[in-house]
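Worksheet: the structure to be examined is printed underneath.
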Amino acid sequence: MEYVIIGNSAAAIGAVEGIRSVDKKGTITLVSNEPYHTYSRPLISYLLQEKVTEDAMKYRPDTFYTENACRLIFASAVQIDAKKKRVLLDNGQELPYGKLLTATGSSASVVPFAGLQSVKNAFTFMGLDDAKALRAALKPDCRVLIVGAGLIGLKCAEGIVKLAGSVTVVEVADRILSAVLDGEGAKKVQAHIESKGVSFMLSAKIERFEETRAFLSDGRQIEFDVLVTATGVKPNVDLLKGIARINKGILINEKSQTSATDIYAAGDCTECVDVSSGESKIMALLPNAYMQGECAGLNMAGVDTAFTQAIPMNAAGFFGLHIISAGTYCGEVYTCAEKDYKKLFYSRDKLNGYILIGNVEKAGIYTSLIRGATPLSSIDFNLVCRHPSLMAFTKTERAAKLGGEK
Amino acid sequence: MAINFLYPEYEIVRKESRCIACRACENQCAHGAHEFLADKGVMTCDESKCVNCHRCVCICPTRALKIVKSGNAYKQNANWGQRTVDELYRQADSGGVLLSSMGNPQNYPVYFDKILLNASQVTNPSIDPLREPMETRCALGAKPHRIERDKKGNIKNNLPPQLKLSMPILFSAMSYGSISYNAHESLARAAQELGIYYNTGEGGLHEDFYKYGKNTVVQVASGRFGVHSGYLNAGAAVEIKMGQGAKPGIGGHLPGTKIVGDIARTRMIPEGTDAISPAPHHDIYSIEDLRQLVYSLKEATDYKLPVIVKIAAVHNITAIASGIARSGADIIAIDGFRGGTGAAPTRIRDHVGIPIELALASVDKRLRDEGIRDNVSLVVGGSIRSSADIVKAVALGADAVYIASAALLALGCHLCRSCQTGKCNWGIATQIPQLTKRLNPDIGCKRLVNLLSAWKHEIQEMMGGMGINSIEALKGNRLMLRGIGLNERELAVLGIKHAGE
Amino acid sequence: MKRVYVNENWCLGCRLCEYHCAFAESRQKDMARALRGVKINPAIRIEANNGISFAVSCRHCKQPLCVKACITGALHITNGIITADKARCVGCYTCILSCPFGAISQNETGVIQKCELCTASHGSPACVKGCPNNALVYEERE
């Protein structure tokens, strides 16, 4: 079998490991449009903080490709010929495939602000090249303006705050991390980040840029030296246009199959069903990407496998304050807002989602309740609200989880 | 508050340099002797609560704890000893009968320790048990007086029912209630693995343990608790308990607070009622009455099971035993005055009854003199502490021994003698779930099997040294024994010569 | 593969597993010296409530969600044992988010720690050796 994988990040690596767990013989070709050994994109902010070296950003050891007998081609795929089952690369090469995986990821979705072209030092913050370019532009006294207070914008802020003179984050929504946190939690995290030297301007809409100046719709102006736009990401779906069904992302089923024969897709470029809400959505998250990729790999190698546990989830830390959240924030709410912040969202005997800020201990027990759609009536929900613990399960369930009697 | 006359007899010593404040001692002390002072981050202890069971000492991962005698002393007095005075104070305080547990701790002579074993030299070869057969198996039950033949001259099988043991040891009676479910399971499993027997005591047989029936002696005592046809037929032998070495002449009393759940069900009495075993069997006032019960039980078990009659060693033990040997009983079990108990009045435990060594020697002689020794097997208990005690008991005439305290020690008992509190930290003499779970029968069974396997090897070595290759050949072989430091009368009762003779 | 299994029927909640874990991790010879005055942070944790207690440590899942979720590749499987390369962990805690047993925790430096069965350091798990009641066993089961 000839396997071709377009991509070289989590979903692609997951696919390689999935294929190789059952098929040691088939040929695997990876096509990467970045000239690097597979690396972890979320680490770029840690690279700027010098918490990791570029070498330590490798997602898998140096021996990965040889050990898994993969060919890695540094090129961009420009076209897929689904009839002839070939992938055309920008270097002119044509790759025939038996099974194809598109793990093309996502790119920065930059809002087309008026005058953006006039800004000399404008960056996005998605990949290693972005990080390197941004690092080169930073000077100890420079003023950085980050547009967007999502995970990317804030991780960028954390990464550069010590390298710049000032960092200001402008966000159109009324709170930071609006996709991850509720209002109250967002305030708590914002206060913490502000205490570390980052300024925020919320509910602030940018009208236009003029070289080193941003104009807000309310008339305020911000002077800056370096601009980072972190206004969202968009899935890279172009290769499959006209070949497979695409909504916002490439539509895949629980086997990571697209609507086109022998073409699979996984990772940030796809959209699939979120089990916490039942809706189809893009969940551009590394763990989901890996697991979709692995599932695709197994199915490509002929093993019938389903990945049905995709949910939105995030684990992120900002200046030592940790946030873990997952699922959907709807239903009744259990709140604990003492020293640490906790919210659990539940309805119809199921946990839908949760937010933890500060103490994130054993958060995975909450995640598993969402993923497994565990009936809350079958566990001691009062206990689990206070402390995520296996104690909340029945004795039989605990024995199944931990071994118990032989 | 009234003056407290009693100073703790023992104190807990904590080596601060080794204590890591892991709080395992606090977690494991059901008496609350240890406490963690959160504000100071250190452990403290209250020795007045300590029963000296050594659970904390054993569980401490850094060996930071030990228990020592507190050394608080009254003015020296050979007559009014410290214990005597303390007990008096306790009674003046409470007005109650003193209760104690386990065996008599007083300083009476231990005759086993005044008896020495023989070994072969030159003229009669010793036997190496590792190279040559060495039989430790034995059978308990009445033996036929003569060989009977049918008309064709073939030998008739006239052997009454027997208990077959891989070694001359049985676990003696401890009821479910006095000890925990897990202690019972440990004993039952060990008995099965070792090819010996354990004894239900007067608490009935828990439904989970019917599967160990082939290795179970079921007891019928004066309260008749838990006795029914299925129970009698579940075991390998039936024991009528007439008396117990720790409390001859006294009945039993398991308070209603312990009669809960499975224990009430197994005893067949309502939850919360006191389980009172009368001092006598109210239907037995003579050997003839005993004979009726013996045969009732034989009838109920289709004459397939041997019947044991257990009595405490008291002054006229020989006459009693002689009567029992004529009652139809197959086995007589005699319990000496150092035998253990879950609870007994202190004065009874410490002052009533006689040593098992003397009782055994007398009974064996009397039955032989009367020509009825083969009517019964003799099983003796009442503080058998080692394989040497067993070899000496067999040489004095016992067919086998009963052990209970030794078995409990193997399970963790440290003889703190606080069983009556019901808060045994070793999970043995308690029914509190938090405490009973401390005795994992996997471990308990293994330790019992280890102990008795070791004893079996030692018995073989001692027998081999004497040039004897079977328990049967050792039985009643008093020439293998010599007394040391015993007077003429003691030697005469024991039927042995003095060392050097 | 041999794993640590927990039987709550025999767990005393004495927490000696936690202390033996911390002691093993200290790589010292004497427990008193290693742990005196130390607030331990073991990779095995007792859960206790209403007289029930049991220890929880990494189950070494065959399909480990933590490894699949790890954003750096710090978590990986070596001979069936899920191992954390502390040097490569950035402390994002995606594994804590993912582990359905709550068996991964933070260490003092902010990166993660988990049970690695002591195989590299002590041959077999110290918690099992230190359990006084066989509530923890280290054995092969399928």
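The values are calculated or read from the model by the stated rules, or taken from the named source; none is laboratory data. What you see is a predicted model; the values in this text were computed from it and never measured. A quick note on method: Cβ atoms are made from the backbone with ideal geometry, for glycine too, and the neighbour counts reach across all protein chains shown. Surface accessibility is based on the protein's heavy atoms, side chains included, excluding ligands, DNA and RNA. Shrake-Rupley method; radii C 1.70, N 1.55, O 1.52, S 1.80 Å.
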(request) All but one of (1) surrounded by fewer than 17 Cβ atoms within 10 Å (Cβ to Cβ); (2) within 24 Å of B:Cys56 (Cβ to Cβ); (3) free of Cβ contacts under 8 Å to residues at least 12 places away in the same chain hold for C:Gln63, so report the exception by its number. (result) (2)
(message) Just to be sure before I move on: is A:Tyr334 open to solvent by 20 Å² or more (accessible area, probe 1.4 Å) and either of a type in the set (Phe, Trp, Tyr) or touching an Asp or Glu at 6+ places or on another chain (Cβ under 6 Å) (or both) in the structure I sent?
(response) yes
(message) Considering only residues that are within 14 Å of another protein chain (Cβ to nearest Cβ) and out of contact with any His (no Cβ under 7 Å at 6 or more places or on another chain), which ones fall in the range A:319-341?
(response) A:Gly320, A:His322, A:Ile323, A:Ile324, A:Ser325, A:Ala326, A:Gly327, A:Asp340
(request) Tell me the strands (runs of 3 or more DSSP E) entirely within the range A:1-85 that contain at least 1 residues that are within 10 Å of chain C (Cβ to nearest Cβ). (result) none
(request) Out of B:Ala454, B:Ala429, report the one residue that is small (Gly, Ala, Ser), away from chain C (no Cβ under 14 Å), open to solvent by less than 20 Å² (accessible area, probe 1.4 Å) and closer than 30 Å to B:Ser175 by Cα. (result) B:Ala429
(message) Taking the criterion of being in a loop (DSSP other than H, G, I, E, B) and aliphatic (A, V, I, L, M), would at least one residue in the range B:387-394 satisfy it?
(response) no
(message) Looking at the range C:75-97 only, could you name the residues that are surrounded by 21 or more Cβ atoms within 10 Å (Cβ to Cβ) and either away from chain A (no Cβ under 11 Å) or at pLDDT 95 or above (or both)?
(response) C:Leu75, C:Ile82, C:Ala84, C:Tyr93, C:Thr94, C:Cys95, C:Ile96, C:Leu97
(message) Could you go through the range A:189-200 and let me know if any residue there is modelled with pLDDT under 90 and surrounded by 18 or more Cβ atoms within 10 Å (Cβ to Cβ).
(response) no
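Conditions (1) within 21 Å of the chain's Cα centre (by Cα); (2) modelled with pLDDT of 95 or more; (3) of a type in the set (Val, Ile, Thr), marked per residue:
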position	(1), (2), (3)
B:Ile269	no, no, yes
B:Ser277	yes, no, no
B:Asp283	no, no, no
B:Val309	yes, yes, yes
B:Ala313	yes, yes, no
(message) Considering only residues that are touching a residue at least 24 places away in the same chain (Cβ under 8 Å) and at the interface with another protein chain (Cβ under 10 Å from one of its Cβ atoms), which ones fall in the range A:375-391?
(response) A:His387, A:Pro388, A:Ser389, A:Leu390
(message) Restricting to the range A:26-53, count the residues that are more than 27 Å from C:Gly110 (Cα to Cα) and free of Cβ contacts under 8 Å to residues at least 24 places away in the same chain.
(response) 0
(message) Could you check the range C:117-126 and list, in sequence order, the residues that are open to solvent by 10 Å² or more (accessible area, probe 1.4 Å) and modelled with pLDDT of 95 or more?
(response) C:Ala126
(message) For the range A:245-283, give me each residue that is open to solvent by less than 10 Å² (accessible area, probe 1.4 Å) and either under 17 Å from the mean Cα position of the chain (by Cα) or at positive phi (or both).
(response) A:Gly249, A:Ile250, A:Ser256, A:Ala265, A:Ala266, A:Gly267, A:Cys269, A:Thr270, A:Glu271, A:Asp274
(message) I need the full set of residues from the range C:53-78 which are among the aliphatic types (A, V, I, L, M) and outside any helix (DSSP H, G or I), in order please.
(response) C:Ala55, C:Val56, C:Ile71, C:Ala74, C:Leu75, C:Ile77
(request) With the checklist (1) in contact with a Gly (Cβ under 9 Å, 6 or more places away or on another chain); (2) under 23 Å from A:Gly232 (Cβ atoms); (3) surrounded by 15 or more Cβ atoms within 10 Å (Cβ to Cβ) in hand, flag the one item A:Leu116 doesn't pass. (result) (1)
(message) Looking at the structure I just gave you, is B:Ile484 out of contact with any Pro (no Cβ under 7 Å at 6 or more places or on another chain) and not polar (S, T, N, Q)?
(response) yes
(message) Here's a check for you: in the range C:10-52, which residue that is surrounded by fewer than 16 Cβ atoms within 10 Å (Cβ to Cβ), within 14 Å of chain A (Cβ to nearest Cβ) and assigned to a loop (DSSP other than H, G, I, E, B) is modelled with the highest pLDDT?
(response) C:Asn41
(request) Please state which one of B:Gly397, B:Gly381 is over 22 Å from B:Glu488 (Cα atoms) and modelled with pLDDT of 95 or more. (result) B:Gly381
(message) Quick check on my filter: what residues within the range A:58-80 are among the β-branched types (Val, Ile, Thr) and open to solvent by 60 Å² or more (accessible area, probe 1.4 Å)?
(response) A:Thr63, A:Thr66, A:Val78
(message) With the requirement that a residue be within 14 Å of chain C (Cβ to nearest Cβ) and under 18 Å from the mean Cα position of the chain (by Cα), what does the range B:432-451 give you?
(response) B:Gly444, B:Cys445, B:Arg447
(message) Being surrounded by 13 or more Cβ atoms within 10 Å (Cβ to Cβ) and small (Gly, Ala, Ser) is the requirement here; does B:Gly95 meet it?
(response) no
(message) Restricting to the range B:256-278, count the residues that are acidic (Asp, Glu) and touching a His at 6+ places or on another chain (Cβ under 9 Å).
(response) 2
(request) Quick one: which residue in C:Glu108, C:Glu140 is touching a residue at least 60 places away in the same chain (Cβ under 8 Å), open to solvent by 10 Å² or more (accessible area, probe 1.4 Å), more than 8 Å from every other protein chain (Cβ to nearest Cβ) and over 16 Å from the mean Cα position of the chain (by Cα)? (result) C:Glu140
(request) Report, ordered by the first and then the second residue, all pairs with beta carbons closer than 7 Å, sequence separation of six or more or different chains, a first member in the range A:232-244 that is crowded, with 22+ Cβ neighbours inside 10 Å, and a second member that is acidic (Asp, Glu). (result) A:Pro235/A:Asp268
(message) Looking at the structure I just gave you, is B:Val57 within 14 Å of chain C (Cβ to nearest Cβ), farther than 28 Å from B:Ser175 by Cβ and at pLDDT 95 or above?
(response) yes
(request) Could you check the range A:123-221 for strands (runs of 3 or more DSSP E) lying wholly inside it with 3 or more residues that are farther than 24 Å from A:Ile44 by Cβ? (result) A:206-210, A:213-216
(request) Can you work out which of the residues in the range A:392-406 that are buried (at least 17 other Cβ atoms within 10 Å of the Cβ) and out of contact with any Phe, Trp or Tyr (no Cβ under 8 Å at 6 or more places or on another chain) is farthest from the other protein chains (Cβ to nearest Cβ)? (result) A:Phe393
